[in-house]
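The values are calculated or read from the model by the stated rules, or taken from the named source; none is laboratory data. The structure presented is a predicted model; accordingly, all values stated were derived computationally and were not measured. Methodologically, a virtual Cβ is constructed for each residue, glycine included, from the backbone with ideal geometry; neighbour enumeration extends over all protein chains shown.
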Amino acid sequence: MSFAIKDRTAFGSAGTVGARVWKHRALYLMLLPPILYYLMFRYAPLYGTTIAFKDFKVRSGILGSEWADPLFVHFSQFFRSPYFAQLLRNTLLISLYKLIWGMPFSILLAVAISEIGSKPFKRIAQTVTYMPHFLSWVIVYGITYALLSESMGLVNHVIRASTGTTVNFLSEPRFFRGIIVGSEIWRDVGWGAIIYLAAISGIDPTLYEAARIDGASRTQMVFRITLPSIATVIVVLLTLRMGRILEAGFEQVYVFYNVRVYSVGDIIDTWVFRTGLEQWSFSLASAVGLFKSAIGMILILTVNAFAKRWGHSVW
């Protein structure tokens with residue numbers, strides 16, 4: 001009986017919902033900007049996806065535009081495009097290459113930085129590795145051009161001096177995907193390592209002390225303590241990345257590619273930009289965006305279902 005009375009007292013002391021909100025008003029105030037952001041830029045624009053099923057005209061607006069006949073004509077236009085198979089293949093390959101190579105590099109970098117004993121050097125290493133993330137893709141392309149240009153690139157200077165010939169790295173289809181993946185790893189590997197570093201910092205240090213007493217090496221502690229402890233974080237980020245598998249990085253590809261590498265570099269987003277937005281076919285662009293969102297949701301649910309079997313599900 002005394003326990004029940006104490007429980008009701010504790011519940012009653014919390015007050016009404018308004019009192020609890022007022023008590024934690026500072027936290028709710030900090031939560032307000034992201035809520036407004038998602039309402040304005042994520043949820044409100046969902047209404048605009050209806051133009052995927054309409055013959056949208058700018059003068060008529062969303063409400064004034066007629067419904068397409070047949071309703072899924074814009075989806076059919078995309079699926080029946082002679083470039084559909086090539087676009088889908090290029091998008092999936094570039095995204096998978098970035099995922100397969102990018103995530104392990106970020107995890108490896110996070111583990112390496114966490115193993116540094118000197119705190120000042122650790123901070124310097126972390127700062128230096130994530131600074132390239134703040135460079136625009138135009139600047140990154142300029143750096144890449146300075147290195148790989150056929151006429152003035154530093155790499156071709158070395159090749160010309162040793163063989164007398166040059167290699168057109170930026171316009172050869174066989175090199176394009178490697179350049180795209182490599183430049184993204186260089187730019188974003190440090191930024192991606194931040195989350196893993198945060199997860200590593202939350203590991204109980206007594207686990208390492210116990211392992212050290214038992215004679216475990218640093219490598220054994222990494223594989224037996226560090227990586228298993230951040231497995232949930234890895235699965236969460238992998239699940240989120242799978243939801244964006246059809247987004248191979250429009251800004252990067254648009255800056256780097258040219259007509260000669262369309263066969264391996266033209267992705268869904270760049271095709272939509274050329275054939276949809278440049279020709280004012282907004283209904284087609286919206287249909288493709290809706291298709292990508294549906295595929296992303298299916299992949300997230302699928303990956304999460306597999307993760308549940310391993311005990312690392314997102315929800």
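Which of (1) surrounded by 14 or more Cβ atoms within 10 Å (Cβ to Cβ); (2) closer than 19 Å to PHE250 by Cα does ALA85 not meet, given it meets every other one?
ALA85 satisfies every listed condition except (1).
Within region 219-232, work out how many residues are under 20 Å from the mean Cα position of the chain (by Cα) and surrounded by 18 or more Cβ atoms within 10 Å (Cβ to Cβ).
Total satisfying the criteria: 1.
Report yes if some residue within region 62-72 is exposed (fewer than 15 other Cβ atoms within 10 Å of the Cβ), outside the structural domain of ALA199 (by TED's automatic domain parsing) and either touching an Asp or Glu at 6+ places or on another chain (Cβ under 7 Å) or closer than 27 Å to VAL181 by Cβ (or both); otherwise report no.
Within region 62-72, one or more residues are exposed (fewer than 15 other Cβ atoms within 10 Å of the Cβ), outside the structural domain of ALA199 (by TED's automatic domain parsing) and either touching an Asp or Glu at 6+ places or on another chain (Cβ under 7 Å) or closer than 27 Å to VAL181 by Cβ (or both).
Mind counting the residues in region 1-39 that are surrounded by 10 or more Cβ atoms within 10 Å (Cβ to Cβ), modelled with pLDDT under 50 and not in a helix (DSSP H, G or I)?
1
Would you check if there is a residue in region 202-212 being in contact (Cβ under 8 Å) with a residue 24 or more places away in the chain, touching a helix residue (DSSP H, G or I) at 6+ places or on another chain (Cβ under 6 Å) and either of a type outside the set (Gly, Ala, Ser) or in the same structural domain as ALA248 (by TED's automatic domain parsing) (or both)?
Yes.
Could you check GLU184 against (1) under 26 Å from the mean Cα position of the chain (by Cα); (2) surrounded by fewer than 12 Cβ atoms within 10 Å (Cβ to Cβ); (3) within 19 Å of ALA110 (Cβ to Cβ) and say which number it fails?
Among (1) under 26 Å from the mean Cα position of the chain (by Cα); (2) surrounded by fewer than 12 Cβ atoms within 10 Å (Cβ to Cβ); (3) within 19 Å of ALA110 (Cβ to Cβ), GLU184 violates only (2).
When residues of region 272-302 are filtered for being closer than 22 Å to ASP69 by Cα and either outside the structural domain of TYR254 (by TED's automatic domain parsing) or not in a helix (DSSP H, G or I) (or both), how many remain?
Adding up the residues that qualify gives 3.
Of the residues VAL181, VAL140, VAL155, VAL128, only one is in contact (Cβ under 8 Å) with a residue 12 or more places away in the chain and over 21 Å from TYR257 (Cα atoms); which?
VAL128 is the lone residue from the list that is in contact (Cβ under 8 Å) with a residue 12 or more places away in the chain and over 21 Å from TYR257 (Cα atoms).
State which residue is surrounded by the most Cβ atoms within 10 Å (Cβ to Cβ) when the search covers only region 121-170 and only residues that are closer than 26 Å to ASP188 by Cβ and among the basic types (Lys, Arg).
LYS122
Quick one: in region 82-102, of everything that is farther than 15 Å from SER183 by Cβ and aromatic (Phe, Trp, Tyr), which residue is modelled with the lowest pLDDT?
Residue satisfying both the conditions and the ranking: TYR83.
Residues of region 239-271 being of a type in the set (D, E, K, R) and part of a helix (DSSP H, G or I), which ones?
Passing the criteria: ARG241, GLU251, ARG260, ASP269.
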